[in-house]
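The values are calculated or read from the model by the stated rules, or taken from the named source; none is laboratory data. The shown structure was predicted, so the numbers you read here are calculated from the model rather than taken from an experiment. Glycine also receives a Cβ, built like all others from the backbone with ideal geometry; neighbour counts cover every protein chain displayed. Just the protein is used for accessible areas: all its heavy atoms, side chains included, with ligands, DNA and RNA removed. Shrake-Rupley method; radii C 1.70, N 1.55, O 1.52, S 1.80 Å.
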Amino acid sequence: MLYLEGFDHYFAQKYRYFRYVDDILLVVGEEQAVGIHDEIARHMRTELRLKTHDLDPNQPDKTAITPVKIGTEYLGYHISSDGLRIRERSYKKMFRAIVGCLRALKGTARVEQVLWRLNLIITGCRVEERSVGWVFFFRQSTDVGQFHRMDAFVRKQLTLYGLKDQISIVKRFAKAYHETRFNRDNTNYIPDFDNFSLADMMKAIHLVKGISLEKLGSMDRSDVEELYWKMVKREVAKLERETVDFLTYGS
């Protein structure tokens, strides 16, 4: 937001100041906090014609002052002196996304189709030179236990759906987290849709759309590629919508 460029420069010189779009975080001394809040509110009102949310203990999602030890929520994380962890509401939304994905098995969805989509939710992907997915956003978390707990939840849900024998082919959150954080440029664990071979494209189409490999093999390469990219863009668009939802303040 270019409109706030001067504002950013002014306050970043004075304080430990961070901003992403319209979310602002400052780390300051406890005795300074209220005065700095008032200074920012006054500056926005008089210089930028913008209004900030009042300090309201009943609306801590909007504007709040909290001790560093207790921490605060910022961009989907809970940040405190203990480190970064996925905030509770975003964490719970991921559990619901897993349940929602597997619930499709109660309808007409095929097991192969659902497991392909579940793996995509777990690992995210690379597509059109972009990294997409929940795990990419939360790779800065320092609480690895959260990812292991999600893996345990996935295994439990697969067992409930009679898919215990499929656990070994389902990707793991903890592994995806490690790859995105420490091996992002060299990983083969996370699908790179830009670099799928024709055989990889055909396998993905077969799993998601149920078209036989024999039929796909009889098609022109251009037709297979068109079908593949149409499918990938639809699935990635859904993944992106879900990722944005994880970061919102709703329950």
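The table that follows gives values for the structure above.
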{"quantity": "Modelled FRET efficiency - R0 30 Å, GLU31 with TYR3, Cβ distances, 0.05 increments", "calculated": "0.45"}
{"quantity": "Estimated [θ] at 222 nm from DSSP helical runs (n ≥ 4, -39500 (n - 2.57)) normalised by residues in the chain, nearest 500", "calculated": "-15500 deg cm²/dmol"}
{"quantity": "Surface share of carbon and sulfur [accessible, 1.4 angstrom probe, percent] for the chain", "calculated": "52"}
{"quantity": "Solvent-accessible ranking of ASP165, ASP38, largest area first, probe 1.4 Å", "calculated": "ASP165, ASP38"}
{"quantity": "The chain: angle of helix 144-160 to the longest principal axis, Cα-based, in degrees nearest 10", "calculated": "40"}
{"quantity": "Angle in degrees between helix 221-247 and the longest Cα principal axis of the chain, rounded to the nearest 10", "calculated": "30"}
{"quantity": "Counted charge near ASP56, where neighbours are those whose Cβ lies closer than 15 Å (Asp, Glu -1; Lys, Arg +1)", "calculated": "-1"}
{"quantity": "Sequence-distant aspartates and glutamates (8 or more away, or on other chains) whose Cα lies within less than 13 Å of LYS203", "calculated": "GLU112, GLU214, GLU225"}
{"quantity": "Where labels lie 7 Å past Cα in the beta-carbon direction, separation of VAL244 and ASP194 in nm", "calculated": "2.2"}
{"quantity": "Unsatisfied cross-links (Cα-Cα over 30 Å) in the set LYS69/LYS238; LYS164/LYS209; LYS171/LYS230; LYS171/LYS233", "calculated": "LYS69/LYS238"}
{"quantity": "Virtual paramagnetic centre 7 Å along Cα→Cβ of VAL111, amide N under 16 Å, in the stretch 199-234", "calculated": "207-208, 210"}
{"quantity": "Alpha-carbon spread of the chain, three principal axes, descending order, Å", "calculated": "70, 39, 34"}
{"quantity": "Contour minus Cα-Cα distance for LEU75 and SER222 (0.36 nm per residue)", "calculated": "48.8 nm"}
{"quantity": "Under 22 Å from the Cα of LYS62 - lysines, other chains or at least 8 residues apart", "calculated": "LYS51, LYS92, LYS93"}
{"quantity": "Whole-number accessible area per residue in Å² for the stretch 134-178, which is evaluated in the context of all protein chains at 1.4 Å", "calculated": "50"}
{"quantity": "Surface accessible to a 1.4 Å probe, per residue, for the residues of the stretch 1-95, Å²", "calculated": "67"}
{"quantity": "Stretch in the chain that is longest and holds no GluC sites (Glu not before Pro) that DSSP places in a loop and that have at most 16 other beta carbons within 10 Å", "calculated": "1-127"}
{"quantity": "Degrees between helix 5-14 axis and first principal axis of the chain (Cα, 0 to 90, nearest 10)", "calculated": "60"}
